[in-house]
Amino acid sequence: MNTEIQQLTDLIRETSFALHCYLKSGLLEKVYENGLAHRLRKLGLHIKQQHPIPVHDENGTLLEEYYADILINDNLIVELKAVKTLADEHTAQVLAYLRATHLKHGILINFGNPKLQIKKLAL
């Protein structure tokens, strides 16, 4: 992993942890998305919320469009959850987003557990 991505993921971890300490668990996912996006923008990062991810068939036909919760600096997908615990399907979702966008790095964050859960994923 390059230094820029490592520094970015560290910053996201720290910011997520601070947000979780402030808000605690129990709120809707959108609240955490807005809070994290707001705090990361204040740090000077380029943030896109609900960034479209088209999924195409091999012949180019659009099959569906998904939305990444947060795209940071056009090179890191952040997917947020507010669930009891992370499941394999959450990991699969982020990996599918990475394949569809041809990006290499993603972070899965769960604010729904009393203990913040963060998982770094890479293709």
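Could you grab me the full set of residues in the stretch 30-48 that are more than 12 Å from Ile70 (Cα to Cα) and of a type outside the set (A, V, I, L, M)? Steps first, answer last, please.
Within the stretch 30-48, the first condition is being more than 12 Å from Ile70 (Cα to Cα), and the residues that meet it are 31, 39, 42-44.
Within the stretch 30-48, Arg39, Lys42, Gly44 qualify.
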Kindly indicate whether Asp74 is surrounded by fewer than 17 Cβ atoms within 10 Å (Cβ to Cβ), of a type in the set (Asp, Glu) and outside any helix (DSSP H, G or I).
yes
Residues of the stretch 35-63 being modelled with pLDDT of 95 or more and part of a loop (DSSP other than H, G, I, E, B), in sequence order, are Leu43, Gly44, Leu45, His46, Asn59, Thr61
Residue hits (the stretch 1-33; of a type in the set (D, E, K, R), touching a residue at least 60 places away in the same chain (Cβ under 8 Å) and under 22 Å from Gly44 (Cα atoms)) are Arg13
Counting only residues in the stretch 11-34 that are in a helix (DSSP H, G or I) and among the hydrophobic types (A, V, I, L, M, F, W, C), the one surrounded by the fewest Cβ atoms within 10 Å (Cβ to Cβ) is identified as Cys21
Of the residues in the stretch 59-88 that are under 15 Å from the mean Cα position of the chain (by Cα) and polar (S, T, N, Q), the one that is nearest to Leu121 (Cα to Cα) is Asn75
Counting only residues that are within 14 Å of the chain's Cα centre (by Cα) and of a type in the set (Ser, Thr, Tyr), the stretch 7-41 contains a total of 4
Of Leu8, Leu95, Leu86, the only residue that is surrounded by fewer than 19 Cβ atoms within 10 Å (Cβ to Cβ), among the aliphatic types (A, V, I, L, M), in contact with a strand residue (DSSP E or B) (Cβ under 7 Å, 6 or more places away or on another chain) and not in a loop (DSSP other than H, G, I, E, B) is Leu95
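The values are calculated or read from the model by the stated rules, or taken from the named source; none is laboratory data. Note that the coordinates shown come from a computational prediction; the quantities given were computed from them, not determined experimentally. Here the Cβ is made from the backbone with ideal geometry for all residues, glycine too, and neighbour counts use every protein chain on show.
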